[in-house]
Amino acid sequence: MAETLSNYTLTDLFTSLAGDEINLITGFVWLLIAVTFSMVGGAIGGMLLAGKDIGYQLSAILGGLLAPAGVIPAIILGMLMINFLIMF
């Protein structure tokens, strides 16, 4: 395991991300990408929903902070299901 983490190059990372291989590193990368998109979407949604009532900055902050709370468990469950389906 230590040899894999120390010799893991960027080319190998992109190959794993593009292919159907889900390992620890690609799982973390996909999770970070999903959380980033979730935060941006939550901020935009918060501004659209409550911007006039509580202010655009506060609604963007709350939307960006609370949106990943629902996305992170769904992404982890989705990756586990994909990993399970790849085995068959």
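What ranking do 62-71, 77-86 get when scored by the average of other Cβ atoms within 10 Å per residue, highest first?
So the order, starting with the most tightly packed, is 62-71, 77-86.
When Cα Rg over 2.2 N^0.38 Å is calculated directly from the model, which label among [x] 1.14; [y] 1.42; [z] 2.93 fits? Here Cα Rg over 2.2 N^0.38 Å agrees with entry [y]. Take every Cα pair under 8 Å whose residues are at least 6 apart in sequence, average their separation, divide by the length of the chain, and the relative contact order is 26 percent.
Within the chain, helices built from complete DSSP H runs that reach 18 Å or longer along their own axis (Cα positions) and carry a mean Kyte-Doolittle hydropathy of -0.5 or higher are 24-54, 68-86.
So between residue 23 and residue 88, what do we pick up on full extension, going 0.36 nm a residue minus the alpha carbon distance? Walk me through the numbers before you get to the answer.
Working: separation 65, 0.36 × 65 = 23.40 nm, distance 1.67 nm.
Result: 21.7 nm gained on full extension.
Pick from 22, 76, 54 the residue whose mean-square fluctuation is largest in a GNM of the chain, springs joining Cα atoms under 10 Å. Looking only at 22, 76, 54, the biggest GNM fluctuation is shown by 54.
No lab work stands behind these numbers, since they all come straight from the coordinates. Note that this is a predicted model, so its numbers are computed, not measured. In this analysis, Cβ positions are derived from the backbone assuming ideal geometry, glycine residues included, and neighbour counts consider all displayed protein chains.
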